[in-house]
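Okay, so here's the structure we're looking at.
The values are calculated or read from the model by the stated rules, or taken from the named source; none is laboratory data. For clarity, every value in this text was computed on a predicted model and none was experimentally measured. In this analysis, Cβ positions are derived from the backbone assuming ideal geometry, glycine residues included, and neighbour counts consider all displayed protein chains.
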Amino acid sequence: MTPFFAYSCLGLSMLLVGGNIAVGKLVLAEVPVFLFALLRFLIAMLVLAPGMLLPQVRRGLDRSAGKGLFLQAFFGCFLFSLFMLYGVVHTSAASAGIITSATPSLIALLAWLWLRERIGGRSLLAIALAVGGIAVLNLLDSREQGTGSLLGNTLVLGAVMAEAIFAIFSRRLSLSLHPWAMAFGVNLAGLLLFLPLALPQGLAFDWSAPSATTWGWLLFYAISASVLSFLLWYRGIGQVPANVAGLFTGLMPVGAALVGVLLLGERFGSGQALGMALVLAAIALGGLAERKANLMAQDA
């Protein structure tokens, strides 16, 4: 796989994730959070199940791989979905998307704390800018929309941390497992994790209440967020180091902001603009730091 193709897979995956922040907000207006998550993973499993019949897709699946897929699902599906879906109830899709653009810096920070990777001056500045951008966004949103937005932004930040942990786990498994098997395993684990929480909501839910449009958006969300985005991400990160792949998570706010403005009619105000500028500066600095590190490694 050429780097360009791997980068394209990673970029498209993150654009889908970001765009679905706004789509999820539409569905949540009529479907409870846990039930929505359960249906999302169930639909994705049904789509992916036929591919699991192929021996080459199942190659490498064992108990150790299953444990890794479960941890991926716990952080990248369960905690990420829980924090993100509740977060967008209390804040705008555009603000949520901007906060998610701090993910590359958080991945770099986790790599330093967890994997003992060295962080240079530019990377430290990138992390500081990302944190500063989120702080400014929270302060301005709190003034404009009240304390509810601060709660929403905090929940979305929790989702970002879960996504960063997911990225580190996914890189390790992508070296030995087929992307299709990884996507299926993560969706299966996500389904099992949400099942106890979704059953009470499903029993009390009026299944005739949501409109046909809402069911259509839920189907779209399941296929794009749980099938396509996972397949693209696993396909790309198998060829790209985790810290490089993490830079592409900065494309999430692009998809979120565009869909939020075009689909939900949200206003893109000064708070969002300033926050995005600071966090995008963090992404740029992170990219420069990675490029410099690669050049030094080649010279050595």
Examine the stretch 54-64 for a residue that is more than 22 Å from residue 169 (Cα to Cα) and outside any helix (DSSP H, G or I), and state whether such a residue exists. yes
Of the numbered conditions (1) more than 21 Å from the chain's Cα centre (by Cα); (2) closer than 26 Å to residue 202 by Cα, residue 53 satisfies every one except a single condition; which is it? (2)
Could you identify the single residue in 228, 274 that is within 25 Å of residue 4 (Cβ to Cβ), at pLDDT 70 or above and surrounded by fewer than 19 Cβ atoms within 10 Å (Cβ to Cβ)? 228
Which pairs do you get when a residue that is over 12 Å from residue 242 (Cβ atoms), found in the stretch 161-183, comes within reach of a residue that is basic (Lys, Arg) and in a helix (DSSP H, G or I), reach meaning Cβ atoms under 8 angstrom, with the pair 6+ apart or on two chains? 178/58; 179/235; 181/58
Scanning the stretch 166-178 for residues that are touching a helix residue (DSSP H, G or I) at 6+ places or on another chain (Cβ under 6 Å) and surrounded by fewer than 21 Cβ atoms within 10 Å (Cβ to Cβ) gives 168, 169, 171
Failed item, numbered, when residue 199 is tested on (1) part of a helix (DSSP H, G or I); (2) buried (at least 21 other Cβ atoms within 10 Å of the Cβ): (2)
Whether any residue in the stretch 216-226 is among the hydrophobic types (A, V, I, L, M, F, W, C), closer than 20 Å to residue 57 by Cβ and in contact with a Ser or Thr (Cβ under 9 Å, 6 or more places away or on another chain) is what I want to check. no
Unique residue being farther than 19 Å from residue 222 by Cβ and surrounded by fewer than 21 Cβ atoms within 10 Å (Cβ to Cβ) when the list is 57, 47: 57
Only listed residue being under 15 Å from residue 179 (Cα atoms), touching a residue at least 12 places away in the same chain (Cβ under 8 Å) and not hydrophobic (A, V, I, L, M, F, W, C), chosen from 40, 59: 59
If we keep just the residues of the stretch 24-50 that are in contact with a helix residue (DSSP H, G or I) (Cβ under 7 Å, 6 or more places away or on another chain) and not in a helix (DSSP H, G or I), which is farthest from residue 201 (Cα to Cα)? 30
Expected single match for closer than 18 Å to residue 163 by Cβ, modelled with pLDDT under 75 and among the β-branched types (Val, Ile, Thr) among 283, 237 is 283
